[in-house]
Structures are given as C-alpha cells and as structure tokens.
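Input: a single structure, listed below in structure tokens.
The values are calculated or read from the model by the stated rules, or taken from the named source; none is laboratory data. Here the structure is a predicted model, which is why all the values come from computation and not from measurement. Note that each Cβ is placed from the backbone with ideal geometry, even for glycine, and that neighbours are counted across all protein chains shown.
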Amino acid sequence: MKGIHIVATGRAVPKKIVTNDDMSKIVDTSHEWIVTRTGICQRHICEEETCTTLAVEAAQKALKEAIQKEGIKPEDIKVVVVASVTSEYSFPSTACLVQQALGLSQDTMSFDIGAACSGFLYGLEVCRSLLMAQEGKYALLIGSEQLSRVLDFTERSSCILFGDGAGAAVLRLDDSLYAHRAWSDGNKDVLYCKGAGQEEMKLRMEGQDVFKFAVRVLKQGLDTILTDGEITIEDVDYVVCHQANKRIIEHVMKKYPGHEQKFYMNIENYANTSGASIPIALDEMREEGLLQEGMKIVLVGFGAGLTWSSALITI
Ligand code: ACO
C-alpha cells in the first residue's frame, strides 16, 4: 500500500488575539476558569481575514517550502482538499478559491470536505486515495476554520473554547509507512451547527458528553493505529491529537505512562481551531525543530459527526 509523506507545511492565523481576560468582558467567565478547565490562554479571531484568506496564506507557505525543498512545480499538485465547516461560501468551495489564488493548473481536482475536527485526517486518506487513482504524486491538504462566525458569544461554556486559523500541508504519495482509520456514528445531538438558510447558525454542544466521547475515541484511535502499523507506543516519536481541551489530551496520555512527553500540545495559544488544529500543530513542530526525517508520528482527531480518525505517518 502506498503511503503519504508530508513534504512541507504552513499556517496562518488572524492578527487579532483575544485573551481569556478579553473573553471575561464578553461573558461571565475568568482566565482562571478557562485555563484550568481547558488549558486555553488565548485565541485568534478574524477581523478582515476569512476562512478563504487564511487557507490561501497557509497553502502559499506550504507550497513555497515544497517548491524550495523538492523543486515541485505548481502543476504537479493534482488534488486540493480543504477541510472546513466554516467556509466563506457554500459554493464555490474554498479549495477552488485556493487553487485559483495559487495559480494551480485547471487539471486539479479541488473540493472541500466536512468532517468537522476530524477533517484534516479524513482529508489525508482522501488525498492518498485520489493520488493513487489518478497516478498523481502531490496533493495540497488544508484545514481552515473561521469558527468565530458560528459561535454564540452569549454562551460561556462554548464560546471560550474556539479560535480561527488554518494549516496546510503538501503531501507526496510514496512508499513510506502509513496506516489510516476513520469512523463516524451520525450523532447530531451533542455537537452541531445548523446549515445555510436555517434560523440559527450557531455551534451547540453538550460539553460533558463530548468530553467523554473524546477521551474514549482518542485512546481507541491511537491503539487501533498502533496495531495496524504493527508498532507500539515505544516506536512513536510524537502523538498529535486534535487540540480541543488540554484535559482531554492529559486524560489520554496518562494511559501511556512514560510516554507523556510525546503528546504535543499548543492549545494555549490557539484554542480549538477544529479542522485546522492538527496541521497548525505540525507546522509549529517543524518550526520548533521537533520533527526530523524518518520520525513516526501518530495523528488522532475527533469532532462533530460524531467522527474520529487516526493515522500513522513518517515525516
Ligand atoms: N466560565 C465560568 N464558568 C463556566 C463557564 C465559563 N466559561 N462555562 C461553564 N461554566 C460553569 C457552568 O455553568 C457550571 O456552573 P454550575 O456548576 O454553577 O452549573 C460549571 O462551570 C461547570 O460546568 P461544566 O459544563 O460541568 O464544566 P466542565 O468541567 O465539563 O467543562 C467544558 C466544560 C470545558 C466545555 C468541557 O466539558 C469540555 O471541554 N468538553 C469538551 C468540549 C470539546 O472538546 N468540544 C469540541 C470537540 S469537537 C470539536 O472540536 C468541534
């Protein structure tokens, strides 16, 4: 089976930073409550930026790096996938707008997928499968979210959790180690946002139900992918979970004693950016020099759907 290698990454966040103290001027909350219950200290919120401009900026950075590193040409990108639940337009897709902005070939399949916070991980397998089917080599996968558009800023238990941002990766189909799983159960009660034209387009969440779901499926997703990849946690260099709540990740990492330091976290600076959280984390890790060629990374995501997914990749 062919695998996916991440050639280059990029990220983009809005200029405006909203701290927990800023949030306490909007709803009845405090820095102390938010940081203790979630690990979040601040989030970036769009003013002039949109889901589209963030996606374009993150993709441009990733593509520029891929061109420098591998000499790829824009026309080598055969697939553009944007994972998003907060696209600027219902149509055209954000992926088509990115394709145009980056000057990619018209001979490129460009479309969005909606798997909420699991979107980037679903997209990994979508890109891999399409590259195999089309005998292409490179794909551009982006997670971009403007969640602030759908937050209810009178609802303190949800509006403090989310932020805006985008992360992108140029993917290469090759023979590297790869395993992938994805699940969904169709639950629309504990986490949802109604669609275009509906009376209320706001994110609604049963926090404790989502918390319990998250800790269960993160462990299940991680264990399954280790089994599929015929490796153990000892062989893994980093685990990058969807950044939804520091306590969720801490809960899971305690199940792998001695390996807690492998669980990367950056939620304090971004809050939950849904489909963008994993590629933003990967880009930061590369920038911090944490990722070296050949490292084994496990990615695990979960979100509305309810969806969840895990992948084993090498860097
Ligand atoms: N500030 C102060 N108090 C608050 C706030 C707030 N922002 N929000 C809720 N409270 C209060 C509640 O009103 C409640 O008060 P009460 O006891 O007087 O009734 C108290 O704090 C406890 O509320 P809980 O809901 O029990 O708090 P909990 O510890 O469960 O934390 C939280 C809430 C942070 C939302 C948690 O349940 C959570 O993180 N759940 C998972 C959420 C998540 O990950 N969502 C996204 C996943 S998928 C995706 O990314 C789209």
Residue pairs meeting the criteria (Cβ under 9 Å; at least 6 apart or on separate chains; first free of Cβ contacts under 8 Å to residues at least 24 places away in the same chain, in segment 263-281; second surrounded by fewer than 24 Cβ atoms within 10 Å (Cβ to Cβ)):
266/284; 266/285
Given 87, 93, 105, 24, which one is under 18 Å from residue 277 (Cβ atoms) and either within 16 Å of the ligand (Cβ to nearest atom) or not hydrophobic (A, V, I, L, M, F, W, C) (or both)?
87
Counting just the residues of segment 133-164 that are more than 13 Å from the ligand (Cβ to nearest atom) and among the small types (Gly, Ala, Ser), which one comes out surrounded by the most Cβ atoms within 10 Å (Cβ to Cβ)?
144
By residue number, the members of segment 32-44 that are near the ligand (Cβ under 10 Å from one of its atoms) and not β-branched (Val, Ile, Thr) are 32, 33, 37, 39
Do any residues in segment 21-38 that are within 16 Å of residue 248 (Cα to Cα) have Cβ atoms under 6 Å from those of residues that are among the polar types (S, T, N, Q) and more than 6 Å from the ligand (Cβ to nearest atom), where the two are at least six apart or on different chains, and which pairs are they?
34/20
Filtering segment 254-268 for residues that are part of a helix (DSSP H, G or I), of a type outside the set (Val, Ile, Thr) and within 16 Å of the ligand (Cβ to nearest atom) leaves a count of 1
Quick check, is residue 204 at pLDDT 95 or above, more than 9 Å from the ligand (Cβ to nearest atom), within 27 Å of residue 113 (Cα to Cα) and loosely packed, with under 15 Cβ neighbours inside 10 Å?
no
If we keep only residues of segment 233-250 that are within 16 Å of the ligand (Cβ to nearest atom) and surrounded by fewer than 17 Cβ atoms within 10 Å (Cβ to Cβ), then the residue farthest from residue 40 (Cα to Cα) is 250
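Would you mind stating whether residue 75 is acidic (Asp, Glu), out of contact with any strand residue (DSSP E or B) (no Cβ under 9 Å at 6 or more places or on another chain), closer than 30 Å to residue 127 by Cα and in a helix (DSSP H, G or I)? Show your work before the answer.
Values: acidic (Asp, Glu): yes; out of contact with any strand residue (DSSP E or B) (no Cβ under 9 Å at 6 or more places or on another chain): yes; closer than 30 Å to residue 127 by Cα: yes; in a helix (DSSP H, G or I): yes.
Against the criterion (acidic (Asp, Glu), out of contact with any strand residue (DSSP E or B) (no Cβ under 9 Å at 6 or more places or on another chain), closer than 30 Å to residue 127 by Cα and in a helix (DSSP H, G or I)), residue 75 qualifies.
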Name every residue in segment 269-315 that is of a type in the set (S, T, N, Q), more than 13 Å from the ligand (Cβ to nearest atom) and within 22 Å of residue 179 (Cβ to Cβ), in order of residue number.
292, 310, 314
Between a residue in segment 94-116 that is over 18 Å from residue 138 (Cβ atoms) and any residue that is among the acidic types (Asp, Glu), which pairs come within a Cβ distance under 6 Å, given they are 6 or more apart or on different chains?
94/112
If residue 309 meets every condition in (1) within 19 Å of residue 84 (Cα to Cα); (2) part of a loop (DSSP other than H, G, I, E, B) apart from one, which number is that one?
(2)
Could you list, in sequence order, all residues of segment 1-36 that are part of a loop (DSSP other than H, G, I, E, B), more than 29 Å from residue 282 (Cβ to Cβ) and not small (Gly, Ala, Ser)?
25, 26, 27, 28, 29
Pull out all pairs, ordered by first then second residue, where Cβ-Cβ is under 6 Å, the residues are six or more apart or on different chains, the first lies in segment 296-315 and is at positive phi and in the same structural domain as residue 223 (by TED's automatic domain parsing), and the second is of a type outside the set (A, V, I, L, M, F, W, C) and surrounded by fewer than 23 Cβ atoms within 10 Å (Cβ to Cβ).
305/184
Hey, residue 99 hits all of (1) surrounded by fewer than 16 Cβ atoms within 10 Å (Cβ to Cβ); (2) farther than 21 Å from residue 271 by Cα but one; which does it fall short on?
(1)
Quick one: in segment 165-189, which of the residues that are touching a Phe, Trp or Tyr at 6+ places or on another chain (Cβ under 7 Å) and within 16 Å of the ligand (Cβ to nearest atom) is farthest from residue 212 (Cα to Cα)?
165
